[in-house]
Amino acid sequence: MNTESMALEMRKLILTSVYHAKSGHPGGSLSCTDILAVLYNEEMKIDPTDPKKADRDRLVLSKGHAAPALYAALALKGFFPKEDMVSLRKIYSHLEGHPSMKSTPGVDISTGSLGQGISAACGMALSAKLRKEDYRVYAVLGDGEIEEGQVWEAMMFAAHYKLDNLCVFVDLNGLQIDGATKEVMGSDPVPDKMRAFGLNVIEIDGHDYDAIRGALKVARETKGKPTCIVANTVKGKGVSFMENQCDWHGTAPKQAEYELAMKELEQNG
Amino acid sequence: MADLKATRDAYGEGLAELAKEYSNFYVLDADLAKATKTITFKKQYPDRFIDCGIAEGNMIGVAAGLATCGNIVFASSFSMFAAGRAFEQIRNTVAYPHLNVKIVGTHSGLTVGEDGATHQCLEDLGLMRTIPGMIVINPSDATQMKAALRFAVEHDGPVYIRGGRLAVPVVYPEGSITYTAGQSYRIAEGNDVTLMFCGHFHELTAQIREKLAELGISCRVVDMPSVKPVDRKAVEDALTDTGLIVTFEDHNINGGFGSAICEVACEIPCTRQGPSVIRIGVEDSFGKSGTPAELMEKYGFTVDAVCRKILAVKAPEKLNQL
């Protein structure tokens, strides 16, 4: 499956899973879909038949509420049947509302409480350095999430310990639950702040596959400091009526909305 | 007289000793290596020590990440900042995925002394024991601290160990005891009352036992470092044999060791009248600056104050003999 097709399938699975769950976070899942598609389909060394393989690359979805996007990528890569996606958030399911490493094959660390995943990503990258192992660690932060002070503790740590095997995406979709990030808690300019914390910063369009690929290549080749890819994204990307609407942060589509969204994805796919 | 040593000193030494046997653990600290005594380990094993700076939340997350990669991790700070500030990181990123992280908080309780209330953690036992899967240990002396560390490194899962700043008597000869989850140590026999403690209460309980013996009341004494899981059998035996338990902790009486004992005690059928547990601890207040001895006195950890509480329940007619 090429990455473009995988991203389209991921978007359908995200909508389907959240629709069946009747709750969840479609907006921020759709904004980081293309990033996760490139990571899982092209970049990361992973083995779906051996999810805990010691030398695998790791992914930390620090913005854990985008779990449907992560689950969709894992399902399409064969970590578990994609039919499981309709069980999202159900009592009998292995797909928790936020990623749980004890429940779901392929989840490298449990996340959901914002600001915490990125610290664990630092620990994973540090372990590779201490043990002279060559896997890489990828983390995805939300732009609302970086309001958590712990994120900046982690950035300081990553730069101090020269974790060049760590690549951090900021999914900069500009919206959080209460409104635009600019209005709720201004965090601009994110690239300057990351640079000031000692990271190698690359700004891209987070829906441009070649831009994502190019940034990942630069990250891989950058030595002595971690890389931060500030990805400008659209919340709800791919579904016209969800795009740039903060109300779609944590709302499930009703039947008519779901059908309309799926139709749109089919037509544009 | 027994040698004096703080459990924090035993922590640093214990880590360095275990490192000879176990090559697979790392030690993290948050700019307090000189105080938590992880510096003893750091000097001998600099490549296995990571200073995380003054950022305890991040330190716990880093510990969790390291643990997912097959490492055992000791994360150290003062109890206030480890169990207190980083509570939610411990809860969500360490304990929820049941990772192999050992959190060691030193400088717990009033015996921190002059630094005062902001640094005297009186809530950590309560916080940590509410977390599913967490083992909570409050060693009473240096030897028991080392035994707890050995348990921690061998146990697969999160552990919280509570240490102290104050030098206290080394009661158990070096290397003479082992520790496993839920273990208690009966150190004196008696029929009328059972004194149960966690942490640095060997001296006080021995003095209380002596005083009450003069009044014809015999005390069993049980050292119970295992705040979670509690040794249920020890509690059952104490109630069956003596009818009254007195708990001691350098912690708020709400939520900590005494509460844990009460939770077990209330499930044990009892036919006798009157209370079955008296909790000695900080009575729902903050600490303050002062020497450890002054603070112990001010907050009611004295032979006289405790004996009065026990006599009021057990033998009110003897109160005037104190």
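The values are calculated or read from the model by the stated rules, or taken from the named source; none is laboratory data. Everything numeric here is computed off the predicted structure, so don't read it as measured data. Don't worry about glycine lacking a Cβ; one is built from the backbone with ideal geometry, like all the others, and counts go over all protein chains shown. Each accessible area value is taken on the protein alone, full model and side chains, heavy atoms only, with ligands, DNA and RNA left out. Shrake-Rupley method; radii C 1.70, N 1.55, O 1.52, S 1.80 Å.
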Taking only the stretch A:109-145 into account, find how many residues are in a loop (DSSP other than H, G, I, E, B), open to solvent by 10 Å² or more (accessible area, probe 1.4 Å) and facing another protein chain (nearest Cβ under 9 Å). 5
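Conditions tested, residue by residue: (1) closer than 20 Å to A:A67 by Cα; (2) in a helix (DSSP H, G or I); (3) open to solvent by 40 Å² or more (accessible area, probe 1.4 Å).
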| position | (1), (2), (3) |
| --- | --- |
| A:E153 | no, yes, yes |
| A:K162 | no, no, yes |
| A:K182 | no, yes, yes |
| A:G186 | no, no, yes |
| A:M194 | no, yes, no |
| A:A215 | no, yes, no |
| A:K225 | no, no, yes |
| A:K235 | yes, no, no |
| A:E243 | yes, no, yes |
For A:Q255, indicate whether it is farther than 20 Å from A:I146 by Cβ, surrounded by fewer than 22 Cβ atoms within 10 Å (Cβ to Cβ), over 21 Å from the mean Cα position of the chain (by Cα) and at pLDDT below 95. no
Hits in the stretch B:34-72 (condition: within 14 Å of another protein chain (Cβ to nearest Cβ), among the charged types (D, E, K, R) and touching a Phe, Trp or Tyr at 6+ places or on another chain (Cβ under 7 Å)): B:R48, B:E56
Looking at A:A180, A:A219, A:A196, A:A159, which is the one that is small (G, A, S) and without any contact (Cβ under 8 Å) to a residue 12 or more places away in the chain? A:A196
Just checking, which of A:T16, A:T104, A:T33 is under 22 Å from A:E243 (Cβ atoms), more than 15 Å from the chain's Cα centre (by Cα) and among the polar types (S, T, N, Q)? A:T16
Mind listing whichever residues of the stretch B:76-91 are open to solvent by 10 Å² or more (accessible area, probe 1.4 Å) and either in contact with an Asp or Glu (Cβ under 8 Å, 6 or more places away or on another chain) or within 11 Å of chain A (Cβ to nearest Cβ) (or both)? B:M80, B:F81, B:G84, B:R85, B:E88, B:Q89, B:R91
Of the residues B:G61, B:G65, B:G57, only one is within 28 Å of A:A159 (Cβ to Cβ), free of Cβ contacts under 8 Å to residues at least 12 places away in the same chain and open to solvent by less than 10 Å² (accessible area, probe 1.4 Å); which? B:G65
